[in-house]
Amino acid sequence: MSGAPEPVWLVAANVVLWRRYGDLGQELRPGTKAYRGGAKVYVIDTCPGMGHQQLTTVGHGRHTGHWITIDTGVRHLHTFRAQLVYAPAVLKRCDGRGSGGREEAGELAALLERIAREERHAHHGAPHPDRCLCHECLSVTPG
């Protein structure tokens, strides 16, 4: 009989509510194909060789609500933070790949937040559409 798995420090983030899509980013889509906008996901792995542009994440899937593990672009996530994870479904999928301690997870979260902001800004080379609802525009819109 094995006990409950030990909690692990991971980086948690939220999926952007709206993302730019299509030619020059003039179309808006809610969330991502796999996750609803605003969904909480856990980062279990990064691709440092690709500049952390792709992350392996675990979260509740958009269509089924079941836990899924999928690679996601860092630009589709925001509000990165260190979090101690107790959920058995997440711990099973992370397979011991934690960020070490709280400090390491916090440092990775700060790095990913900076990269995500840069990627959202640089991905589409065109101006935002009128009344844009993307994460960057919603972040600066008053009220």
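Here are the numbers for this structure:
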{"item": "Scattering profile of segment 1-93 at q = 0.24, 0.25 Å⁻¹ [log10 I(q)/I(0), Debye over alpha-carbon scatterers]", "result": "-1.27, -1.33"}
{"item": "Residue-count net charge about Tyr21 - beta-carbon cut-off 12 Å; Lys, Arg +1, Asp, Glu -1", "result": "+3"}
{"item": "Cβ-defined net charge surrounding Ala87, 11 Å radius [Lys, Arg +1; Asp, Glu -1]", "result": "+3"}
{"item": "Glu6-Glu27 FRET efficiency (beta carbon distance; Förster radius 35 Å; 0.05 resolution)", "result": "0.20"}
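None of the figures in this text is laboratory data; all of them are computed from the coordinates on show. In this text the structure is predicted, and so the values were computed from the model without any measurement. Cβ coordinates were reconstructed from backbone atoms using ideal geometry, including for glycine residues, and neighbour counts include every protein chain displayed.
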